[in-house]
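The values are calculated or read from the model by the stated rules, or taken from the named source; none is laboratory data. Please read these numbers as outputs of a predicted model, since none were measured by experiment. Methodologically, a virtual Cβ is constructed for each residue, glycine included, from the backbone with ideal geometry; neighbour enumeration extends over all protein chains shown. Surface areas here come from the heavy atoms of the whole protein model, side chains and all, with no ligands, DNA or RNA. Shrake-Rupley method; radii C 1.70, N 1.55, O 1.52, S 1.80 Å.
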Amino acid sequence: MKKYVSKFLVVLLTLSMLTGLAACGSVQPSNETGGNAQNSDEPAVLTVLMENNDGWIKNFSPLVSGCYQVTTGFMFEPLVIFDSYNNNKETMWLAEDIISEPDNKTLTIKVRQGVKWSDGEDFNADDVAFTFLYSKDHSAIDRGGDWGENGKFESVSKIDEYTVQIVMKEANRFHRNSVFNQRWMLPEHVWSQIDNPESYIYETDKVVCTGPFSEVLNFSPEMMEIGRNPNYWKADDLQVDVLRIPQFNGNDGAMALLATGAVDWAHVFIPDIEKNYIQGDPNRHYWYGPADAVRLAINYMTPNTDNLKAFNNVDFKRAMSMAIDRQGIIDSAVYGYLSPECPSNTGLSSALSGYESDKAQAEMAKYTQYDLEGAKSLLEQAGFKDVDGDGFVENLDGSKIVFNIVSPAGWTDWNDGASICAQGLQEIGINATAKAMDIGLITEAWDNGSLDVSYSAYGLSSDIWRFYYDTIGDQSRIKTPTWWSICQTNYANDEITDLVNQMSLADSEEAVKAITDKIEEHFAENMINIPILFNGNWFVYNTQRFTGWATEDNVICNPANCIHDSKLLQLMALEPVK
């Protein structure tokens with residue numbers, strides 16, 4: 001604990017010194033706000049809170065599991081950006097065009113000409129083909145299932161210096177999203193020399209990438225500063241010179257850093273944000289727009305067979321759902337910032353709400369109203385009774401039901417939400433306890449299947465097929481540490497998997513909707529998940545030093561600086577305040 005406190009004080013002191021230097025003349029005050037604007041003679045420095053951890057470790061590889069979010073997007077770039085806030089609109093990036101051929105199997109990539117890697121080498125079709133072929137010989141980084149016996153790819157070929165063609169094994173009307181979303185391009189002349197990319201530590205002060213930032217100016221466990229790519233292909237549009245990224249651990253640490261006023265852009269939930277952050281400062285803003293859906297994810301492959309008996313009983317799960325005070329979670333855990341609308345059982349995001357089934361929603365509505373007495377009655381009717389008089393119900397055969405609701409430690413809104421869920425379950429006689437765990441331990445637990453229930457979300461996908469494939473259709477991900485995916489429930493159903501596969505071959509949007517209706521209705525009728533609420537896109541920003549931020553009234557892109565590659569669009573829209 002002492003080590004953590006001392007590290008955190010170093011970060012606070014550093015930011016305070018930087019803010020103080022600004023006040024002493026390295027930047028000029030804004031006429032309107034009295035804040036510190038950027039001096040045109042000084043580098044434009046953007047301070048960003050991106051992800052929480054116990055300390056930065058120098059590794060800029062985009063291929064290791066859990067790679068840093070500064071690496072993906074701000075260093076290594078995609079061919080195309082899908083913006084989840086604008087109907088998954090495509091913005092061509094390192095590709096000038098991507099052509100989906102009529103056979104729904106062939107994708108032709110027109111590589112952007114004139115792009116260079118940060119070391120001056122040309123970016124061309126060799127690099128694009130290499131990026132897609134690299135995982136063929138290194139299965140440990142083939143996390144998307146591109147190759148192998150059950151892989152998606154038939155072939156990847158260089159056609160000419162700036163054209164690459166990908167042929168898929170099977171036709172799929174949604175291939176382009178599946179293949180290109182958040183696919184980071186690699187320099188062949190660097191990574192072809194590396195034999196174990198899944199574990200390689202890319203420890204360097206000059207990252208070879210095409211992105212806006214490549215030069216490591218300063219690095220410590222508490223802070224890193226990354227400078228501009230000297231050969232950035234969009235250099236004329238980039239108005240930020242240095243990316244400063246302080247380390248923090250949990251929401252409380254982020255709040256302390258934000259309080260200094262030195263942070264420009266953050267992705268973090270702040271309780272009672274008007275009181276704890278805004279404080280009447282006209283430069284401090286937030287936009288907690290819609291994001292993915294939050295649920296209680298039940299592990300259908302838990303090794304606890306007694307708990308599994310209860311989890312496989314639909315009335316037990318319906319009673320669980322009725323015992324959850326969703327409005328209480330919104331009012332208390334997230335301070336009323338989020339919509340009271342309950343997600344579908346499959347967790348479709350608001351961007352995909354057009355695929356909700358009216359029948360499934362009506363079925364869910366019966367069990368998503370807060371009703372403790374109704375929940376108790378349902379449990380009793382289903383045969384769940386308190387046999388030993390300890391205040392908690394047992395299974396129909398008398399076996400014990402005891403489980404934790406796990407959430408990532410430091411995610412205070414989720415920790416509080418899980419606690420409210422557990423409290424409601426205890427009130428109806430279900431022995432559940434909220435438990436905050438280190439995110440690394442949670443990931444390991446998904447891998448070995450040892451969790452029972454987690455308070456978690458689904459993630460955002462670039463299209464409806466990809467969403468279902470990632471969350472319920474790809475059985476190869478069961479009991480694997482894949483973030484935001486099927487492994488959080490380990491729910492395997494061959495009929496559902498077949499429906500997801502049929503969706504990829506549907507010949508019309510009407511046919512797609514008919515398939516999604518069947519999936520939605522199955523999940524609602526069987527209460528596969530316990531839907532809670534729509535998560536917030538915890539976007540916090542400061543206009544003291546930069547303008548050009550996305551707002552609810554000017555939705556230029558999804559502005560989250562986390563996993564979304566649309567953070568590049570937000571970055572390029574920023575302009576220093578002079």
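The table that follows gives values for the structure above.
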{"quantity": "Separation of the Ser157 and Gln113 label points, Cα + 7 Å toward Cβ, nm", "calculated": "2.2"}
{"quantity": "Å² of accessible area per residue within the chain, as computed with a 1.4 Å probe and no ligands counted", "calculated": "39"}
{"quantity": "The stretch 56-97, relative contact order in percent, only Cα pairs under 8 angstrom and at least six apart counted", "calculated": "26"}
{"quantity": "Loop chymotrypsin sites (Phe, Trp or Tyr not before Pro), the stretch 387-481, which have at most 10 other Cβ atoms in a 10 Å radius of their Cβ (DSSP)", "calculated": "none"}
{"quantity": "D (Stokes-Einstein, µm²/s), Kirkwood Cα radius, the chain, 1.002 mPa s at 20 °C", "calculated": "85"}
{"quantity": "Set of aspartates and glutamates with alpha-carbon distance to Lys479 below 14 Å, sequence-local pairs under 8 removed", "calculated": "Glu444, Asp447, Asp452, Asp470"}
{"quantity": "Cα-only Debye scattering, the stretch 219-294: base-10 log of I(q)/I(0) at q = 0.16, 0.27 Å⁻¹", "calculated": "-0.78, -1.25"}
{"quantity": "At R0 = 41 Å, FRET efficiency that the Cβ-Cβ distance of Ser399 and Asn501 yields, to 0.05", "calculated": "0.65"}
{"quantity": "Alpha-carbon centroid distance for the pair the stretch 187-245 / the stretch 425-453, whole angstrom", "calculated": "37"}
{"quantity": "Percent of alpha-carbon pairs separated by more than 22 Å within the stretch 152-294", "calculated": "64"}
{"quantity": "Surface share of carbon and sulfur [accessible, 1.4 angstrom probe, percent] for the chain", "calculated": "47"}
{"quantity": "Rounded tilt (10° steps) of 372-381 against the dominant C-alpha axis of the chain", "calculated": "50"}
{"quantity": "Computed over the chain: relative contact order in percent, which uses C-alpha pairs under 8 Å that are six or more apart", "calculated": "20"}
{"quantity": "In the stretch 59-164, the GluC sites (Glu not before Pro) that fall in loop regions by DSSP, at most 14 other Cβ within 10 Å", "calculated": "Glu149, Glu161"}
{"quantity": "The stretch 388-490: relative contact order as a whole-number percent, Cα under 8 Å and 6+ apart", "calculated": "25"}
{"quantity": "Farthest positive-ward along the chain dipole, Cα basis, beta-carbon charges - from Gly536, Leu460, Ile98", "calculated": "Gly536"}
{"quantity": "Helix 2-21 axis, angle to the chain major axis (alpha carbon atoms, nearest 10°)", "calculated": "40"}
{"quantity": "For the stretch 184-190, 3J(HN,Hα) per residue [Karplus equation, 6.51 cos²θ - 1.76 cosθ + 1.60, θ = phi - 60°, Hz, x = Gly/Pro]", "calculated": "8, 6, 10, x, 4, 5, 9"}
{"quantity": "Calculated over the stretch 282-399: convex hull of Cα atoms, volume per residue (Å³)", "calculated": "154"}
{"quantity": "Rounded tilt (10° steps) of 509-525 against the dominant C-alpha axis of the chain", "calculated": "50"}
{"quantity": "Electrostatic dipole magnitude of the chain [Cβ: Lys, Arg +1; Asp, Glu -1; Cα centre; debye, to 20]", "calculated": "800"}
